[in-house]
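Throughout, read-outs are computed from the coordinates displayed, never taken from laboratory work. Remember, it's a predicted structure, so these values are computed and weren't measured experimentally. When we count neighbours, we look across all protein chains shown, and the Cβ atoms used for this are built from the backbone with ideal geometry, even at glycine.
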Amino acid sequence: MTDREIKIQFKEYSSLSGLSEAYQRLCHEAVKALKGSHSPYSKFRVGAALLLHSGKIIHGSNQENVAYPSGLCAERVALFNWGANHADDPIVAMAVTVHTDEFELLQPTASCGACLQVMAECEKMQDKPIEVILFCSNGAAWVINGVNSFLPFLFFEERLNN
């Protein structure tokens with residue numbers, strides 16, 4: 001038996017003001033994306049914004065449905081839009097924020113496993129990690145380089161491509 005350890009590294013900022021101007025703008029775009037959220041059931045609005053190599057910004061917001069499994073998270077809305085319409089323009093970074101009137105959010109909220117798997121596929125398609133910025137609008141921001149930091153044991157089976 002061998003014990004192994006996995007460590008992740010990320011940058012934590014006390015506010016958005018510590019981020020580069022480009023990343024601050026991207027975070028503001030994620031806040032704008034919150035307006036498109038359809039979340040009458042959870043009341044947990046999520047906004048995502050992708051910064052593409054060309055400088056283009058793609059927005060996504062969570063879309064709930066009374067038949068819960070048929071809704072989509074903000075990250076997947078944005079990533080699927082990228083894959084369908086902009087896959088030749090690599091994703092540089094993704095900003096994700098959440099808001100609810102039900103309680104105060106004290107730290108950034110991580111993406112769900114399904115969204116992380118889609119991010120992994122997008123990174124694989126473009127052969128380059130995506131820098132992910134998770135943040136609270138009036139608080140901390142975490143900058144994580146690549147989905148491997150979230151899911152060190154990603155599901156990939158190369159033989160499925162054959």
*Residues of the range 139-156 classified as surrounded by fewer than 18 Cβ atoms within 10 Å (Cβ to Cβ), over 13 Å from I8 (Cβ atoms) and in contact with a Leu (Cβ under 9 Å, 6 or more places away or on another chain), total*: 3
_the range 57-69 - residue that is touching a strand residue (DSSP E or B) at 6+ places or on another chain (Cβ under 9 Å), not aliphatic (A, V, I, L, M) and not in a loop (DSSP other than H, G, I, E, B) and, of those, surrounded by the most Cβ atoms within 10 Å (Cβ to Cβ)_ = G60
*Matching residues in the range 2-24 - criterion: being in contact (Cβ under 8 Å) with a residue 24 or more places away in the chain and in a helix (DSSP H, G or I)*: L16, G18, A22, Y23
*Got a sec? Which of A33, A74 is hydrophobic (A, V, I, L, M, F, W, C), more than 11 Å from the chain's Cα centre (by Cα) and surrounded by 17 or more Cβ atoms within 10 Å (Cβ to Cβ)?*
A33
*asked:* Given the criteria surrounded by fewer than 17 Cβ atoms within 10 Å (Cβ to Cβ) and either farther than 21 Å from Q126 by Cβ or within 16 Å of the chain's Cα centre (by Cα) (or both), does F10 qualify?
replied: yes
